[in-house]
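Engineer: Structure provided below as structure tokens; questions to follow.
Read the figures in this text as sums done on the coordinates, not as results from a lab. If you're wondering where the values come from, they're calculated on a predicted model, not measured in any experiment. Reconstructed Cβ throughout: ideal geometry from the backbone, glycine too, with neighbour counts over all protein chains shown.
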Amino acid sequence: MMLAGAALFAGGIFVLRKGINKKQGWLMLVAAAVMFANVGVALIPVPDSNQPLPAPSAG
């Protein structure tokens, strides 16, 4: 996801600098930001108290 975000970011900058389609360039930058935010949220450590309980034994 980081590679796709980096590609979207670079492509968005390229499109904005060329002046081809500014709306598409901004949307690419927003999509890259969303991807980076998703990775950031996934990397936030979770406290041990929020871990799921172990499955009960079938005994």
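Engineer: What distance in nm separates the simple spin-label points at Ala7 and Leu53, each placed 7 Å from Cα in the Cβ direction?
Structural biologist: Here the modelled spin labels are 4.5 nm apart.
Engineer: Add -39500 (n - 2.57) for each DSSP H run of 4 or more in the chain, then divide by its residues: what number comes out at 222 nm, to the nearest 500 deg cm²/dmol? Present the calculation step by step, with values, prior to reporting the outcome.
Structural biologist: Numbers: 2 runs with 38 residues, N = 59.
It lands at -22000 deg cm²/dmol.
Engineer: Can I ask one more? Quick one, which of [x] 26.6, 86; [y] 19.3, 68; [z] 12.6, 36 is the actual Rg and Dmax of the Cα atoms in Å calculated for this model?
Structural biologist: Label of the calculated value: [y].
Engineer: Same structure again: With everything on Cα atoms, drop me the angle between helix 22-42 and the longest principal axis of the chain, reported from 0 to 90° to the nearest 10.
Structural biologist: Once rounded, the angle reads 20 degrees.
Engineer: Got the relative contact order for the chain handy, in percent, Cα pairs under 8 Å and 6 or more residues apart? Provide the component values of the computation, followed by the final result.
Structural biologist: Details: 38 pairs, mean separation 20.3, N = 59.
Computed value for the chain: 34 percent relative contact order.
Engineer: Once you list every other residue whose beta carbon is under 13 Å from the beta carbon of Val30, what net charge do they have if Lys and Arg are +1 and Asp and Glu are -1? Before the final figure, lay out each step's value.
Structural biologist: Details: positive: Lys22, Lys23; negative: none.
Its environment carries a net charge of +2.
Engineer: For the Cα atoms of the chain, what angle does the longest principal axis make with the long axis of helix 2-18, in degrees from 0 to 90, nearest 10?
Structural biologist: The angle comes out near 20 degrees.
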